[in-house]
Amino acid sequence: MKSPRKTLLALCALALAAQAGVSFGAGRDAARPAQNSPAEAPAAPQEGSQGPAIIKVVNVVFVPVTVKDSAGHPVPGLRKEDFRILEDDVEQKIDGFKDEPYPLSLVILIDNDLPQGTAREIETSLPAIVNGISVKDEVFVCRFDLNFHPGKGFTADSDKLITELKRTTLDSEPDVVASDGPLGSGPSINGQPTPGSPQATGSANIFKQRRIKALDDAMYEAAELLRDRGQGHDRRRMVLLISNGAGSKHYKYSFDDAVRALMLGDISVYSVGVGDAYFNRLRNPIARYAHATGGDVYYASKREAIEELYARVTEQARTQYTLTYTPRGTDPSLDYHSIEVKVERPHLTVVARDGYYAAGVVPK
């Protein structure tokens, strides 16, 4: 028989345990705190009590927008009330509006497989890019052909950048493939690889050769370089693509793969079409990249005109309007959402991305 003292101590222990919410059931859950069942909601704290904080995650969509007049010049001075945004055809409330300049994180992506004359015009024009770069910008110079050739990394030092641009040379010999696949790099006789040399991909009967380049792979790699630059949306992330767009073919990544990577990183592509790109503009991939990501496309063939476009592109990217909103009334389970931006003024053109992937939305 227990003594009165031991009985009193046991009762006190049970009372303290009950106050702390500890179950004394058998097994490994004996000392686990009691849990509310899924159907039970915690009691609301009384007024003035220190109840648990309720945290609600709100997704915010950032939409950079350029507005142009009938002559193609950017239009300043617009207000939040001048804009409308529709997501999946459902009008959204614009929660935030900014029109101040942003510093740039910029990948310059140069086509390394251009006709010799066009390549020469590009090489001599490249140093002029520095004229559109501010002290807060950072730049990474890359080239592409069948492969992606990254440069020396991001730099904010204008002297280092201009030195790198002056030293950037483009291959005078184009990458060549057979009509149905890349050629081997070894010696050949009558278009056929000699025994023991690297073999061609595809048919061994080679009748025609053509230029080809992996633009989609290069765009994907550029997106990877830019993805983590800056904190949140304190920088404009962009690719300046200099190419004629000819001969682009899917290899490791597709156009859709690259666009998804660019959108997830909130990266805009601004394309400078060179050589004969203007005459093939309707089906040119450099224009498709610009339109899909909310950038823009320009065309020029001579050095002087190309140089003028560099500063125009960087200034346009830096001074876009930025609209933000929290999606309302659309299906949150969708992976991709379309966006349409309108301006409530006549004779103006809006340049904005076509949509966004839900995985890239920023939690607030």
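In this structure, the amide hydrogen of LEU146, modeled 1.01 Å from its nitrogen in the peptide plane, lies closer than 5 angstrom to those of ALA214, counting only residues at least 5 positions away or on a different chain. Ordering ILE94, SER70, THR124 by the projection of their Cα atoms onto the charge dipole of the range 68-146, which places +1 on the Cβ of Lys and Arg and -1 on the Cβ of Asp and Glu, puts THR124 at the extreme positive end. For the range 215-262, report the % of Cα-Cα distances exceeding 16 Å. Roughly 43 percent, rounded to a whole number. Taking every protein chain into account, the 1.4 Å probe leaves HIS73 with about 100 Å² of accessible area, to the nearest ten. For TYR336, the residues whose amide H sits under 5 Å from its own are ALA358, ignoring neighbours fewer than 5 places away on the same chain, with H placed 1.01 Å from N.
Taken over the range 296-338, the ratio of Cα radius of gyration to 2.2 N^0.38 Å equals 1.94. Rg/Rh for the range 284-364 (Cα atoms only, Rh after Kirkwood) is 1.04. Charged neighbours of PRO101, selected by a Cβ distance under 13 Å, balance to 0 (K, R count +1; D, E count -1).
The calculated FRET efficiency for the pair GLU91 and SER333, based on their C-beta separation and a Förster distance of 25 Å, comes to about 0.80. For the set LYS213/LYS302; LYS136/LYS160; LYS213/LYS252; LYS166/LYS249; LYS98/LYS342; LYS213/LYS249, the pairs lying more than 18 angstrom apart at their alpha carbons are LYS213/LYS302; LYS166/LYS249. Based on every Cα atom in the range 89-160, Rg and the maximum pairwise Cα distance Dmax equal 17.2, 51 Å. Which semi-axis lengths, in whole Å and largest first, follow from the square roots of five times the eigenvalues of the Cα gyration tensor of the range 235-341? In descending order, the three semi-axes are 27, 18, 11 Å. Kirkwood analysis of the Cα pair distances in the range 95-136 returns a hydrodynamic radius of 13.3 Å.
Given ALA311, TYR336, ILE267, which one lies farthest toward the positive end of the charge dipole of the range 227-346, if we put +1 on the Cβ of every Lys and Arg and -1 on the Cβ of every Asp and Glu? Ranked along the dipole, the leading option is ALA311. In the context of the full protein assembly, TYR220 retains an accessible surface of approximately 50 Å², using a probe radius of 1.4 Å and ignoring ligands and nucleic acids. Ligands, DNA and RNA are left out, and with a 1.4 angstrom probe the accessible area of the range 232-356 is 44 Å² per residue. Computed from backbone phi, the HN-Hα couplings of the range 236-246 come to 8, 9, 8, 10, 9, 9, 10, 6, 9, x, 6 Hz, rounded to whole numbers (Karplus: 6.51 cos²θ - 1.76 cosθ + 1.60, θ = phi - 60°; Gly and Pro given as x).
The values are calculated or read from the model by the stated rules, or taken from the named source; none is laboratory data. Only a predicted model underlies this, so the values are computations on that prediction, with no experimental measurement involved. Virtual Cβ from ideal backbone geometry, glycine too; neighbours counted across all protein chains shown. These area figures cover heavy atoms from the full protein model, side chains too; ligands, DNA and RNA do not enter into them. Shrake-Rupley method; radii C 1.70, N 1.55, O 1.52, S 1.80 Å.
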